[in-house]
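This report refers to the structure that appears directly beneath it.
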Amino acid sequence: MTDRSRRLLVVDDERIQRLIVTRAVESVGFVVDGAADFDEAAEFLSRRTYDAIVLDLSLGAREGVSLLHMLRRGGADPLVVLISGMDTRVRSASCRLAEALGLRIAGSIEKPIVPAKLRALLQDVPRREAVEDVAPAVMPSATELANALDRDEIMVAFQPKVALVSRGVAGMEALARWHPAGAEPVPPDLFVPLAERHGLIAKLTRNVLRDSLAACRRWRDRHPDCSVAVNISPLALANPELPEEIEAALAQAGVAPGALIAEVTEGVVIADPLLASEVLTRLRIKGVRVSIDDFGTGHSSLLSLMRLPFTELKIDRSFVACCDTDPEAWKIIRATISLAHELGLDVVAEGVETAAVEARLIGAGCDIGQGWRFGRPMPAAALEAWFGAHALTLA
Ligand code: C2E
Ligand code: MG
Ligand code: MG
């Protein structure tokens, strides 16, 4: 047993189940600790970091769900497998809860445990060597972010959106990237909220918009129908000048308004819905398209759909990623696609990673897919090569 073995914690009140899990995973190189209840698990977690956790959802008085919360707070990032004797609805709901908490969920399996199924779910746990080389992302300060914005250190990566039936390229989504010199990259899920809290979001939006439109102008010479989608924070919608600022940026870059899609999420509650509605409506009148992002995760997605002039709906990847294995997610996707089409909106599925998910989405009439299956976010300089390779897959 070396330090480099992958470590797994199994939490189950039945000793026999802990043994089954231990036997199943030791053969593929895991070192296993077993905990019978919440307190024992908490004790192990306070002493060690684990690469994977196998967790029984029905742990006596303090349920497995409390442990999910604890895992999240601990800041560790193990891959989680849920086991349960309960029905698929409860298992799926727990998976979604764990995902919403930001945990990495490999999936859920039912009792009695089939060892091969468990091993299959754990096959993506990286070897220790790789894990130890990666330093966790450190929260930067607002001053560092402000400096990075002043020095134009926030870059834009582009991820393809592909028409599912024709496989034509519908557009690219612009995603902000920050890689401070000599440090680990900071994910947008950390620095975008930081910008929102410290009055830096307008500047971030402006810089991303400028770079995205410049790149779009270049690729439209050869791919005239390819749009660019820029994420607009709900806080930026509180600026009544936004439509004119965007119009000026479009004119400066020489890009037609119809080539731009403004993606709006409801991660932050819209403080002034009337003003947000006015800003989005004026953008629409100017010819810019407007998309509701991460649909299904917001506080008032349906209300927003009714009030705001969206042209596109993006189904959040927490529904998409598991739609071939989770019957509930699949029903929600089908209903969402038909609702969006009733309202005349294009539907984009985010997080399409596999051929199985793609096939399902095509069957359900989804218009556009975005995800690793088609392309990861990449620098503008890599796009032409991607376009070329993509064209080859169509030939
Ligand atoms: P989003 O707008 O929903 O962007 C899609 C996210 O899903 C991106 O994460 C993308 O890298 C990731 N993704 C795409 N396909 C797959 C897949 O197949 N599998 C998986 N696991 N992930 C996939 P990213 O780049 O980390 O961005 C996270 C969020 O940060 C974005 O979510 C968006 O809300 C926000 N964000 C990024 N750039 C900006 C920006 O310039 N302005 C604002 N306001 N927000 C931004
Ligand atoms: Mg987006
Ligand atoms: Mg999204």
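The values are calculated or read from the model by the stated rules, or taken from the named source; none is laboratory data. This is a predicted model, so every value here is computed, not measured. Virtual Cβ from ideal backbone geometry, glycine too; neighbours counted across all protein chains shown. SASA here: full protein model, heavy atoms, side chains in, ligands and nucleic acids out. Shrake-Rupley method; radii C 1.70, N 1.55, O 1.52, S 1.80 Å.
Within region 315-323, is there a residue that is in a helix (DSSP H, G or I), open to solvent by 10 Å² or more (accessible area, probe 1.4 Å) and under 20 Å from residue 216 (Cβ atoms)?
no
To keep it simple, each residue is scored yes or no on (1) modelled with pLDDT of 90 or more; (2) open to solvent by 60 Å² or more (accessible area, probe 1.4 Å); (3) of a type outside the set (Asp, Glu).
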{"residue": "15", "(1), (2), (3)": "no, yes, yes"}
{"residue": "22", "(1), (2), (3)": "yes, no, yes"}
{"residue": "27", "(1), (2), (3)": "no, yes, yes"}
{"residue": "50", "(1), (2), (3)": "no, no, yes"}
{"residue": "77", "(1), (2), (3)": "no, yes, no"}
{"residue": "88", "(1), (2), (3)": "no, yes, yes"}
{"residue": "98", "(1), (2), (3)": "no, no, yes"}
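Kindly indicate the residue of region 337-367 that is assigned to a strand (DSSP E or B) and open to solvent by less than 20 Å² (accessible area, probe 1.4 Å) and also nearest to residue 322 (Cα to Cα) among those meeting that condition.
Step by step, filter region 337-367, then rank; the result is 349.
Considering only region 107-116, I want to know if a residue exists there that is under 19 Å from residue 325 (Cβ atoms), open to solvent by 40 Å² or more (accessible area, probe 1.4 Å) and at pLDDT below 80.
Within region 107-116, not a single residue is under 19 Å from residue 325 (Cβ atoms), open to solvent by 40 Å² or more (accessible area, probe 1.4 Å) and at pLDDT below 80.
Going residue by residue through region 372-391, is there one that turns out to be under 14 Å from residue 296 (Cβ atoms) and outside any helix (DSSP H, G or I)?
No.
Here are 376, 360: which of them is over 29 Å from residue 287 (Cα atoms), modelled with pLDDT of 95 or more and assigned by TED's automatic domain parsing to the domain that holds residue 211?
360
Residues checked against (1) without any contact (Cβ under 8 Å) to a residue 40 or more places away in the chain; (2) out of contact with any helix residue (DSSP H, G or I) (no Cβ under 7 Å at 6 or more places or on another chain):
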position	(1), (2)
284	yes, yes
303	yes, yes
312	no, yes
316	yes, yes
343	yes, no
347	yes, no
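Among the numbered criteria (1) in a helix (DSSP H, G or I); (2) within 16 Å of ligand 3 (Cβ to nearest atom), which one does residue 170 miss?
Just one mismatch for residue 170, condition (1).
Mind checking whether some residue in region 255-264 is within 13 Å of ligand 3 (Cβ to nearest atom) and open to solvent by 30 Å² or more (accessible area, probe 1.4 Å)?
Taking every residue of region 255-264 in turn, none turns out to be within 13 Å of ligand 3 (Cβ to nearest atom) and open to solvent by 30 Å² or more (accessible area, probe 1.4 Å).
When you check residue 270 against the structure, is it within 12 Å of ligand 1 (Cβ to nearest atom) and in the same structural domain as residue 227 (by TED's automatic domain parsing), yes or no?
No: the conditions fail for residue 270.
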